[in-house]
Amino acid sequence: MAKGFPRGMGGGMGNMNQMIKQAQKMQEQMAKMQEEMETKTFSAEVGGGAVSATVNGKKELQEIILKEEAVDPDDIEMLQDLIVAAVNEAMRKADKDSETQMNSLTGGINIPGLM
């Protein structure tokens, strides 16, 4: 038995090589997933569609659309709140999609530092 491995662990070099290959494959899949995420867009509407925000997979704001009825010079605070809410919701959608894809890749195992 190899030194440094307690009984029942290790399993020889063949097992170690297999684990390394699996880790490399997962790393390649994660890189591909990140590339795909960066090309996606996520949109959210709030206020009955008065404000719409679109972000990309890199969580960069791409677009804000304001319907005319959302622009009330006497109530700027409401418009500001709607913009914040739309952007935050679009970001949540991006996060959820990223988390779903990562879970499908890792089998639901939470690996620190990946997300």
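The values are calculated or read from the model by the stated rules, or taken from the named source; none is laboratory data. The model shown is predicted, which means the values in this text are computed figures rather than measured ones. Using ideal geometry, Cβ is built from the backbone for each residue, glycine included, and neighbour counts are taken over all protein chains shown.
Considering only residues that are surrounded by 14 or more Cβ atoms within 10 Å (Cβ to Cβ) and modelled with pLDDT under 90, which ones fall in the stretch 12-53?
The answer is MET26, GLN29, MET30, MET33, GLN34, MET37.
Going by the conditions given, is GLU38 farther than 24 Å from THR100 by Cα and either charged (D, E, K, R) or not in a helix (DSSP H, G or I) (or both)?
Taking the combined requirement at face value, the residue does not satisfy it.
Going through the stretch 77-103 one residue at a time, which ones are touching an Asp or Glu at 6+ places or on another chain (Cβ under 7 Å) and closer than 25 Å to GLN27 by Cα?
Within the stretch 77-103, no residue meets the criteria.
Filter the stretch 56-89 down to residues that are closer than 30 Å to THR106 by Cβ and touching a Ser or Thr at 6+ places or on another chain (Cβ under 7 Å) and give me whichever is surrounded by the most Cβ atoms within 10 Å (Cβ to Cβ).
GLY57
Considering only the stretch 58-108, state which residues are among the hydroxyl-bearing types (Ser, Thr, Tyr) and in contact (Cβ under 8 Å) with a residue 24 or more places away in the chain.
SER98, THR106 - these are the residues of the stretch 58-108 that are among the hydroxyl-bearing types (Ser, Thr, Tyr) and in contact (Cβ under 8 Å) with a residue 24 or more places away in the chain.
Restricting the stretch 90-115 to residues that are of a type in the set (Gly, Ala, Ser) and buried (at least 17 other Cβ atoms within 10 Å of the Cβ), which is modelled with the highest pLDDT? Let's see the steps before the verdict.
If we filter the stretch 90-115 for residues that are of a type in the set (Gly, Ala, Ser), which is where we start, we get 90, 94, 98, 104, 107-108, 113.
Going one step further and asking which of them are buried (at least 17 other Cβ atoms within 10 Å of the Cβ), we end up with 90, 94, 98.
On the way: ALA90: 97, ALA94: 94, SER98: 87.
That would be ALA90.
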